[in-house]
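A.B. asks: Handing you a structure now.
The values are calculated or read from the model by the stated rules, or taken from the named source; none is laboratory data. Being a predicted model, the structure only gives us computed values, none of them experimental. Every residue, glycine among them, receives a Cβ derived from its backbone with ideal geometry; neighbour counts consider all protein chains shown. To get the accessible areas, we keep the full protein, side chains included, count just its heavy atoms, and leave off ligands, DNA and RNA. Shrake-Rupley method; radii C 1.70, N 1.55, O 1.52, S 1.80 Å.
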Amino acid sequence: QVQLVESGGGLVQAGGPLRLSCVASGTTVSINRMGWYRQAPDKQRELVAVISSGGSTNYADSVKGRFTISRDNAKNTGYLQMNSLKPEDTAVYYCNLFAYGMNYWGKGTVVTVSS
C-alpha cells in the first residue's frame, strides 16, 4: 500500500523560505512521477511542480524561479524547496505520486505566508 506523509509546513514571513518533505512508503519514488499540488481557501487544487522518473521537472508559472522540486532516492523522499514566499502562496500543499497506474495523495501540510 502506497502512503505519503508530508511535513515542513508552517507560518513564515513573506520573502522567507520553507522546505516541504514527502516520505513515501509502499513504492519507490525514483521510479514514479512525483508532484506537489496546493489548494488555497475557496480555490481549486493546482499543480505546483512535478518531477518525472527520469528527473525532468516542470513548474507552475507562478512559482518558476522560486520553488525547486527534488527527491532523495536513498531516503525515498521528495522535497519542495520554496524561496521568496509570497502571501499568495498560502495554501495546503499536497504530495502526489503516480504509481501502479494510480494517483496517491498525502494528507497535506499547511503553509501560511504573512505579509
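A.B. asks: So which pairs qualify, if the first residue must be in the stretch 97-108 and under 14 Å from residue 48 (Cβ atoms) and open to solvent by less than 60 Å² (accessible area, probe 1.4 Å), the second must be modelled with pLDDT of 95 or more and β-branched (Val, Ile, Thr), the Cβ gap must be under 7 Å, and the two must be at least 6 apart or on different chains?
C.D. replies: 106/5; 108/92
A.B. asks: Among 11, 80, which is in contact with a Phe, Trp or Tyr (Cβ under 9 Å, 6 or more places away or on another chain) and touching a residue at least 60 places away in the same chain (Cβ under 8 Å)?
C.D. replies: On inspection, the qualifying residue turns out to be 80.
A.B. asks: Since residue 30 meets every condition but one in (1) more than 19 Å from residue 107 (Cα to Cα); (2) open to solvent by less than 30 Å² (accessible area, probe 1.4 Å); (3) of a type outside the set (Val, Ile, Thr), which condition does it not meet?
C.D. replies: Here residue 30 clears every test but (2).
A.B. asks: Being at pLDDT 95 or above, out of contact with any helix residue (DSSP H, G or I) (no Cβ under 7 Å at 6 or more places or on another chain) and open to solvent by 30 Å² or more (accessible area, probe 1.4 Å): is that true of residue 56 here?
C.D. replies: Values: at pLDDT 95 or above: yes; out of contact with any helix residue (DSSP H, G or I) (no Cβ under 7 Å at 6 or more places or on another chain): yes; open to solvent by 30 Å² or more (accessible area, probe 1.4 Å): yes.
Against the criterion (at pLDDT 95 or above, out of contact with any helix residue (DSSP H, G or I) (no Cβ under 7 Å at 6 or more places or on another chain) and open to solvent by 30 Å² or more (accessible area, probe 1.4 Å)), residue 56 qualifies.
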